[in-house]
Amino acid sequence: MSASPLAGKRIVLGVTGGIAAYKAIEVSRRLVDAGAHVVPIMTEAAHHFVGTTTLSALASEPVQTELWHNATSPIPHTFVGQGADLIIVAPATAKSIAAYRMGYSHDLLQNTLIATRAPVIVCPAMHTEMWEHPSVVDNIAVLRSRGVHIVEPESGRLAGGDEGAGRLASPESIVAAAERVLGPADLAGVSVVVSAGGTREPIDAVRVIANRSSGKQGYAVAAEAAARGASVTLVTTVSLPTPQGCRIVPVETAAQMQAAMEQAAATHDVVVMAAAVADFRPAQVAEGKLKKRDGAPKIILEPTPDILAGLGSNKRVGQVLVGFAAETDDLVANAQSKLDKKHLDLIVANDVSAPGVGFAHDTNAVTLLRPDAEPVEIDLASKRDIARVVIDAIIALRDAR
Ligand code: PMT
């Protein structure tokens, strides 16, 4: 299985003095989990918001702050930046952004930022008024023009109870940005649409027939495709955090998902159906709420459209069509039959009765089937690792054409 593009990379994590500094600890943990060596730097001001003990413990080495009398190196101002594969500043305050724009190297972090040839990701976090102030807007524009990657803040609750734009991007988004910067851009220029989650078919105004899909596997495929440079549309029934760089199309029913997927498939190069689509829906939807006092209702079901089969019949030349198969027995035989019947290029089969596999878990184990190749089994791994293998297989299919 291919490793995360962060594995073995030396990443400097600069933490400046903002209330969001506590989130840098989660960013550090995720980078280390992905196999990176994290070198933490905190500014003086950051010490007002978080202590060094936790960050030192969760990074790969102790926190550094000092430009002078630094125990790690006699010349930390160049040593740290020269050895980095990537520098992330999260959170980045208005002051640290201004200093970086000016090359004002008054502390270890600012020295590191200008004594490096590594790519830099800046993750601003501040109050809305500050984020929208012309000086900050101008500083960000200048940094962007120099090739600095900016992970824009989100809108939401800010310190002091304020609401608005300026909240530090989520740790997932920051790590995804790092993967995008360090990973291979082997899907650059390619458009990918992914479906995720389980459809919900209404019985009446308040009740639905649903399934146990959490959307995690589909979101992981979308995030991996985006991290590798694709332009990604995610048709989804759930609202997990939006993977960086993906366009969301929210849907609920099989009919809505069919409409969204057919529209997207007309323009996208790669189509991945990871969603669990209901096979049956109530033939009639009751108006209002069915009353308990009227007794148990008789619900007549009718088949839903097979979205994937329809996409297979109308596949465009050169398009890659990928399905998933959720099985509880005869995994390979059942998945093989879906691969053939739905005219797929690849099917990702999971035995959803196995421990840790399929619906709602953070992990999955799959067998990849292609029309012209032997099945490939992938043992239990995180859904993101499974997504990486699926994207590798899609790229191999495109390269073979
Ligand atoms: O969302 P998670 O909690 O992370 O769980 C992941 C998952 C188990 C949902 C995922 O790994 C998975 O297996 N997705 C496919 C689920 C499914 O519906 O499998 P199926 O074997 O019933 O269908 C085969 C394929 O046809 C699927 O690609 C499905 O999207 C598609 N289909 C099915 C029925 C239908 N009416 N229209 C379809 O397009």
Checklist entry - Could you state the principal axis extents of the C-alpha atoms in the chain, from the largest down, to the nearest angstrom? => result 75, 54, 38
Item to check | Cα pair count fraction exceeding 18 Å, expressed as % - the range 223-329 | outcome: 59
Checklist entry - With labels modelled as points extended 7 Å from the Cα through the Cβ direction, what inter-label distance (nm, one decimal) is found for SER56 paired with THR128? => result 4.0
Checklist entry - Over the chain, what is the relative contact order in whole percent, taking alpha-carbon pairs under 8 Å and six or more residues apart? => result 11
Checklist outcome for this item: Scoring the range 191-400 by relative contact order with C-alpha pairs under 8 Å, at least six apart, yields a percentage of 20
Next on the checklist: Through the Karplus equation 6.51 cos²θ - 1.76 cosθ + 1.60, θ set to phi - 60°, convert the phi angles of the range 187-200 into ³J(HN,Hα) values in whole Hz; use x for Gly and Pro.
Outcome noted: 10, 4, x, 9, 9, 10, 10, 10, 9, 8, x, x, 6, 10
Next on the checklist: Residue by residue through the range 46-60, what is 3J(HN,Hα) from phi via Karplus (6.51 cos²θ - 1.76 cosθ + 1.60, θ = phi - 60°)? Round to whole Hz and write x for glycine and proline.
Outcome noted: 4, 5, 6, 10, 9, x, 7, 4, 5, 5, 4, 5, 8, 8, 9
Next on the checklist: Could you compute the longest span of the chain free of chymotrypsin sites (Phe, Trp or Tyr not before Pro) located in DSSP loops and having at most 15 other Cβ atoms within 10 Å, not counting the site residues?
Outcome noted: 105-401
Item to check | Relative contact order (%) - the range 36-176, alpha-carbon pairs under 8 angstrom, separation at least six | outcome: 20
Checklist outcome for this item: Once both label points are put 7 Å beyond Cα along the C-beta direction, the HIS48-ASP399 separation in nm becomes 5.2
Next on the checklist: Need the C-alpha centroid separation for the range 271-298 versus the range 111-157, integer Å.
Outcome noted: 48
Item to check | Amide proton proximity set for SER170, modelled H, under 5 Å, gap of 5+ | outcome: none
Item to check | Neighbour-count order for GLU377, GLU287, fewest beta carbons within 10 angstrom listed first | outcome: GLU287, GLU377
Checklist entry - Near the amide H of PHE280, under 5 Å away, which other amide H atoms are found, from residues 5 or more places off or on another chain, if H is placed in the peptide plane? => result THR304
Item to check | Label zone at ASP340 (point 7 Å along Cα-to-Cβ), backbone N below 13 Å, the range 349-378 | outcome: 371-372
Checklist outcome for this item: Proxy exposure order for ILE11, ILE395, ILE121 (fewest C-beta within 10 Å first) is ILE395, ILE121, ILE11
Next on the checklist: Under the rule of at least 5 residues apart or a separate chain, name every residue whose amide H is placed under 5 Å from the amide H of PHE324.
Outcome noted: MET273, VAL348
Checklist entry - Among the DSSP beta bridges whose two residues both lie in the chain, what percent are antiparallel, rounded to the nearest 5? => result 30
Item to check | Using a Förster distance of 22 Å, the FRET efficiency for ALA283-ARG212 (Cβ separation, nearest 0.05) | outcome: 0.40
Checklist entry - What list of ³J(HN,Hα) couplings, whole Hz, do you get for the range 162-175 from phi and the Karplus terms 6.51, -1.76, 1.60, once you set θ to phi - 60° and write x for glycine and proline? => result 6, 10, x, 6, x, 6, 3, 4, 5, x, 4, 5, 5, 5
Checklist outcome for this item: Per-residue ellipticity at 222 nm attributable to helices in the chain (runs of n ≥ 4 DSSP H, -39500 (n - 2.57) apiece, nearest 500 deg cm²/dmol) works out to -9500 deg cm²/dmol
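No lab work stands behind these numbers, since they all come straight from the coordinates. The structure displayed is predicted, hence computed values, not measured ones. Neighbour counts run over all protein chains shown; Cβ positions are idealised from the backbone, glycine included.
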